[in-house]
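> Here it is, the structure in full.
The values are calculated or read from the model by the stated rules, or taken from the named source; none is laboratory data. Worth saying up front: this structure is predicted, and the values here are computed from it rather than measured. Quick reminder, even Gly has a Cβ in these numbers, built from the backbone with ideal geometry, and neighbours come from all protein chains shown.
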Amino acid sequence: MLGDDLAGCDDPADARHRRSIRSVNAIAARVMSALAGQLGHPHGLLGKVVAVVLNRANRRDAIAAVEAASITPGETVADIGFGGGAGLGLLLGRAGSTGVVYGIDISTDMVTRARSRFHREIDSSRLRLLEGSLNDLPLDDSSLDAIITVNTIYFIADLDEAFAELARVLRPAGRAVICLGDPAAMAELPFTPYGFRLRPVAEVIAELERAGLSVNHREVPVGLVAGHLLIASHPPR
Ligand SMILES: C[S@@+](CC[C@H](N)C(=O)[O-])C[C@H]1O[C@@H](n2cnc3c(N)ncnc32)[C@H](O)[C@@H]1O
């Protein structure tokens, strides 16, 4: 643009250089925005790649969450926002042949992918996959012994509503494990400025408490960044 050339009264090569830097930045922003969108709602061809990457990058998060949920064989458990499904496999192992695992995700494509990957477990009624949201869970009151939800709450606008849902579906002795990256470390990742809600951990804990749950907070080294496990349960009566 003319303005570029006049701005520093510099030579056209400098102006061209600045323009190409701006173009590269604009492309990088579009790529990061698309990636952030996929992480919040994996879909289409790219969603298939994202699912594989999620399973690799976040496997340790899922392991830590399942461990913290203290699941015993025969329990009814759920992974909400299961993405690539690494958590579903781990939950199936813990709940055993007499347990039931629910997988709930807003992404039709992730549900379809998991239906194909886990068709044997679905046929044997050990796994039930449902399309739905953490904000409006397609589950009965007091129906779950344990819930994990890993790297999901960044995409939830109304945490009050989501945590009220966790409290509703959790049995009196149930455990809900929320796993999230440390907000300061997450803020350093190039894609989080594009729509991730990075709340202070104290704020997330306060929201869980507002839903009537007690919270045990553990810091864990998970996934790409340092992380937090919030183990929420109904207070003893
Ligand atoms: C970043 S991925 C995390 C997937 C997996 N838990 C992991 O840690 O690899 C976020 C997942 O949450 C799902 N998700 C986003 N908002 C949701 C909501 N309101 N209810 C249920 N699932 C949601 C997305 O579709 C996506 O599969």
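> Which pairs turn up if I take residues in segment 93-110 that are within 11 Å of LEU130 (Cα to Cα) and in contact (Cβ under 8 Å) with a residue 40 or more places away in the chain and look for partners that are assigned to a loop (DSSP other than H, G, I, E, B) and aromatic (Phe, Trp, Tyr) with beta carbon separation below 9 Å, at least 6 apart in sequence or on another chain?
Within 9 Å, the pairs are MET110/PHE82.
> Which members of segment 216-237 meet the condition of being crowded, with 17+ Cβ neighbours inside 10 Å and touching a Ser or Thr at 6+ places or on another chain (Cβ under 8 Å)?
ALA232, SER233, HIS234 - these are the residues of segment 216-237 that are crowded, with 17+ Cβ neighbours inside 10 Å and touching a Ser or Thr at 6+ places or on another chain (Cβ under 8 Å).
> Of everything in segment 172-189, what is closer than 19 Å to LEU208 by Cβ and not hydrophobic (A, V, I, L, M, F, W, C)? Give them in sequence order.
Within segment 172-189, PRO172, GLY174, ARG175, GLY181, ASP182, PRO183 qualify.
> Which one is nearest to GLY44 (Cα to Cα), of the residues in segment 93-106 that are crowded, with 22+ Cβ neighbours inside 10 Å and within 16 Å of the ligand (Cβ to nearest atom)? Working first, answer last.
Keep residues of segment 93-106 that are crowded, with 22+ Cβ neighbours inside 10 Å, which gives 95, 101-105.
Retained after the next criterion (residues that are within 16 Å of the ligand (Cβ to nearest atom)): 101-105.
Numbers: VAL101: 26, TYR102: 23, GLY103: 20, ILE104: 18, ASP105: 15 Å.
By that ranking, first place goes to ASP105.
> Residue check, TYR154 against (1) modelled with pLDDT under 95; (2) under 19 Å from the mean Cα position of the chain (by Cα), all met but one. Which one?
Going through the list (1) modelled with pLDDT under 95; (2) under 19 Å from the mean Cα position of the chain (by Cα), TYR154 breaks only (1).
> Follow-up question, since we're still on this one. Taking ALA173, is it out of contact with any Phe, Trp or Tyr (no Cβ under 6 Å at 6 or more places or on another chain), under 18 Å from LEU137 (Cα atoms), touching a residue at least 12 places away in the same chain (Cβ under 8 Å) and hydrophobic (A, V, I, L, M, F, W, C)? Don't jump to the end; show me each part of the working.
Working: out of contact with any Phe, Trp or Tyr (no Cβ under 6 Å at 6 or more places or on another chain): yes; under 18 Å from LEU137 (Cα atoms): no; touching a residue at least 12 places away in the same chain (Cβ under 8 Å): yes; hydrophobic (A, V, I, L, M, F, W, C): yes.
Spelling it out, it is not the case that ALA173 is out of contact with any Phe, Trp or Tyr (no Cβ under 6 Å at 6 or more places or on another chain), under 18 Å from LEU137 (Cα atoms), touching a residue at least 12 places away in the same chain (Cβ under 8 Å) and hydrophobic (A, V, I, L, M, F, W, C).
> Just wondering, is there one or more residues in segment 178-191 that are of a type in the set (Gly, Ala, Ser), buried (at least 21 other Cβ atoms within 10 Å of the Cβ) and within 16 Å of the ligand (Cβ to nearest atom)? Break it down into steps so the answer makes sense when it comes.
Going residue by residue through segment 178-191, those that are of a type in the set (Gly, Ala, Ser) are 181, 184-185, 187.
Pick out the ones that are also buried (at least 21 other Cβ atoms within 10 Å of the Cβ) and you get 181.
From what is left, the residues that are within 16 Å of the ligand (Cβ to nearest atom) are 181.
Yes.
> Which residue out of ARG115, ARG168, ARG128 is of a type in the set (Lys, Arg), under 21 Å from LEU213 (Cα atoms) and in contact (Cβ under 8 Å) with a residue 12 or more places away in the chain?
Only one candidate qualifies: ARG168.
> Right, next: Residues in segment 61-77: is at least one within 9 Å of the ligand (Cβ to nearest atom) and hydroxyl-bearing (Ser, Thr, Tyr)?
Checking segment 61-77: not a single residue is within 9 Å of the ligand (Cβ to nearest atom) and hydroxyl-bearing (Ser, Thr, Tyr).
> Still on this structure, please answer the following. Condition first: within 11 Å of the ligand (Cβ to nearest atom) and either within 22 Å of ASP145 (Cα to Cα) or free of Cβ contacts under 8 Å to residues at least 40 places away in the same chain (or both). Now tell me which residues in segment 29-53 satisfy that. Break it down into steps so the answer makes sense when it comes.
Within segment 29-53, the subset within 11 Å of the ligand (Cβ to nearest atom) is 35-43, 47, 50-53.
Of everything in segment 29-53, those that are within 11 Å of the ligand (Cβ to nearest atom) and either within 22 Å of ASP145 (Cα to Cα) or free of Cβ contacts under 8 Å to residues at least 40 places away in the same chain (or both) turn out to be GLN38, VAL50, VAL52, VAL53.
> OK, next. With the structure loaded, tell me whether LEU208 is buried (at least 17 other Cβ atoms within 10 Å of the Cβ) and more than 18 Å from the chain's Cα centre (by Cα) or whether it fails that test. Steps first, answer last, please.
On the way: buried (at least 17 other Cβ atoms within 10 Å of the Cβ): yes; more than 18 Å from the chain's Cα centre (by Cα): no.
Judged against the criteria, LEU208 is not a match.
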